[in-house]
1. What are the residues in the stretch 180-233 that are modelled with pLDDT of 90 or more, part of a loop (DSSP other than H, G, I, E, B) and charged (D, E, K, R), if any?
2. Would you kindly identify the strands (runs of 3 or more DSSP E) lying entirely within the stretch 53-157 that contain at least 2 residues that are at pLDDT below 95 and crowded, with 17+ Cβ neighbours inside 10 Å?
3. So which of K224, K271 is charged (D, E, K, R) and under 17 Å from the mean Cα position of the chain (by Cα)?
4. Of the residues in the stretch 234-279, how many are part of a helix (DSSP H, G or I), under 23 Å from R140 (Cα atoms) and without any contact (Cβ under 8 Å) to a residue 60 or more places away in the chain?
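The values are calculated or read from the model by the stated rules, or taken from the named source; none is laboratory data. On a predicted model such as this, the values are computed, not experimentally measured, just so you know. No Cβ is skipped: glycine too gets one built from the backbone with ideal geometry, and neighbour counts run over all protein chains shown.
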Amino acid sequence: MRIKLLLLGLVLISHQQLAFSAGKKITKIVLDAGHGGHDAGARGQYSNEKDLTLAIALRLGKIIRDSMKEVQVLYTRTSDIYPTLPERHEIANRANADLFISIHINATPGTYTREMTGYKTVKHGRKRVKTPVYRTIHNRATQANGTETYVLGLHRNSQKEDAIGEYGETVTQEPGLMNENDPQTAIIIAQYSQAFLSRSVSLGSKIQQEFANDGRKDMGVKQKGLEVLAGSAMPGVLVECGFINNPNEEAYMNSEAGQQQIALAIYRGIKAYKAEAER
């Protein structure tokens, strides 16, 4: 199924290239709320990524529908379910959508410290001596803050660290990352780069600029081999809206005002991109 959908994506990419060369109205946007269902995503002190991404996606969709009457909004999910990555691709590709926007929440791996909890007596030869006892404390809280947007690419550095930050320390394989040793990956990346990379970077840059205009820290537009972007045959970005293990950002993203401000920033970025693309 995954191979079929990715090959379908390649076919659609070739058609999309021709359409964009002549200019194309943006009339369909797919919003993907990351994670869901059994997959909670990153965890904060009291909230889960899957709930925040859904809340922001639904707010963003409402803003687009209210402000862009000519644009149809489609969702990969509207409730607490988990569509697989191929299912998310299929929704966008079968709709022949013009933009794919995946919404996520960031996290860092945290830090580990050792704390002495007391002493224990151990036998050392004929003597009994006291030795300190330590425990390891995992501090998930971070001072990291800000937003970043990803476009499709293959960057090997720091992928494991990023995955651990989002998915927890039990990660053994990067979830959602493409297999760099798979020959199909190179084909997909090349096709995507020719057709959509520059447009995706433009969209991501405009979204990041709107976050910066709101006073958020701009961590830039980056590349990563994310399958959720590779399988969708259209320009697409993955937006990391803030750090859930930063107490201040977690509170901000759980507030109605924070969610609305995030959704509005993404909407303004889409609006600026749409105006530029349609010119």
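1. Those that are modelled with pLDDT of 90 or more, part of a loop (DSSP other than H, G, I, E, B) and charged (D, E, K, R): D214, R216, K217.
2. It comes to 147-152.
3. None of the others qualify; the one that does is K224.
4. Number satisfying all stated conditions: 3.
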